[in-house]
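Taking it in order: structure first as structure tokens, then the write-up.
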Amino acid sequence: MSDTSSRRYPRPIIALHWLTFLLVVFAYIFMEFRDIFERGSAGREFMKATHYSLGLTILGLTLARLLIRLTSGPAPAITPTPSALQEFAARAVHIALYAFLIAMPFIGWATLNTEGDPVIFFGLEIPPLIGRDKILSGRLEELHETLGFAGYFLIGAHALAAIVHHAVIKDNTFARIMPGKEGQKAG
């Protein structure tokens with residue numbers, strides 16, 4: 001799908017990257033703004049249900065993206081070549097992002113299960129991962145909220161690094177993941 005001479009990621013990875021980004025933005029929006037509706041109201045329940053469905057969609061897209069990434073060959077080379085420290089930092093942040101995008105939906109799913117609530121994915125009930133457990137429910141909910149808050153910083157660091165690579169370092173890091181035709185200069 002990709003070879004080492006390619007200057008950009010394969011189109012499916014680019015598409016999944018930006019679609020995942022948009023869904024993460026909307027997942028955060030639906031939870032952050034659920035409080036504009038009263039508890040128990042139809043509006044609030046819609047916001048929560050949409051958040052849950054988006055989370056599960058993000059999980060599926062992330063797993064697909066990871067599978068494509070692992071089977072599509074090496075990533076396109078960054079030119080000029082970054083330092084070993086930059087490569088290590090980039091790898092660490094990418095691993096943390098993948099872990100975040102996979103763990104958050106599972107933790108949210110398990111939280112709802114331990115609360116005894118069904119998990120609805122765009123109108124379809126999803127089987128539970130775990131049984132009802134009031135104590136575990138509180139711990140999982142706290143973990144989900146804490147990781148969600150940490151996600152702002154992780155995603156922000158990733159975006160800031162892309163901007164620095166593009167505007168300051170002036171390498172092709174950002175161009176490799178930008179949509180467009182192969183060979184077209186992004187940015």
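Quick check on this structure: which one of Ala103, Ala84 is surrounded by fewer than 18 Cβ atoms within 10 Å (Cβ to Cβ), within 28 Å of Glu142 (Cα to Cα) and of a type outside the set (Lys, Arg)?
None of the other options fit; the residue is Ala103.
Among (1) at pLDDT below 95; (2) open to solvent by less than 60 Å² (accessible area, probe 1.4 Å), which single condition is Lys181 missing?
Unmet for Lys181, out of (1) at pLDDT below 95; (2) open to solvent by less than 60 Å² (accessible area, probe 1.4 Å): (2).
Checking the conditions here, which among Ala162, Ala167, Ala110, Ala90 is surrounded by fewer than 17 Cβ atoms within 10 Å (Cβ to Cβ), part of a helix (DSSP H, G or I) and either touching a residue at least 12 places away in the same chain (Cβ under 8 Å) or touching a Leu at 6+ places or on another chain (Cβ under 7 Å) (or both)?
Only one candidate passes the filter, namely Ala162.
I want to confirm something. Restricting to segment 113-131 and keeping residues that are free of Cβ contacts under 8 Å to residues at least 12 places away in the same chain and among the charged types (D, E, K, R), which single residue is surrounded by the fewest Cβ atoms within 10 Å (Cβ to Cβ)?
Checking each candidate, the answer is Glu125.
Would you point out which residue out of Ile78, Ile107 is closer than 30 Å to Ile130 by Cβ and aliphatic (A, V, I, L, M)?
Going through Ile78, Ile107 in turn, just one is closer than 30 Å to Ile130 by Cβ and aliphatic (A, V, I, L, M): Ile107.
Answer with yes or no whether Tyr52 is in a helix (DSSP H, G or I) and either open to solvent by 60 Å² or more (accessible area, probe 1.4 Å) or of a type in the set (Phe, Trp, Tyr) (or both).
For Tyr52, the condition - in a helix (DSSP H, G or I) and either open to solvent by 60 Å² or more (accessible area, probe 1.4 Å) or of a type in the set (Phe, Trp, Tyr) (or both) - is met.
Could you list, in sequence order, all residues of segment 9-35 that are in a helix (DSSP H, G or I), over 16 Å from Pro105 (Cα atoms) and among the hydroxyl-bearing types (Ser, Thr, Tyr)?
none
The values are calculated or read from the model by the stated rules, or taken from the named source; none is laboratory data. Since the structure is predicted, the reported quantities are computational estimates derived from the model, not experimental observations. Methodologically, a virtual Cβ is constructed for each residue, glycine included, from the backbone with ideal geometry; neighbour enumeration extends over all protein chains shown. What goes into the accessible areas is simple: the full protein's heavy atoms, side chains included, and nothing from ligands, DNA or RNA. Shrake-Rupley method; radii C 1.70, N 1.55, O 1.52, S 1.80 Å.
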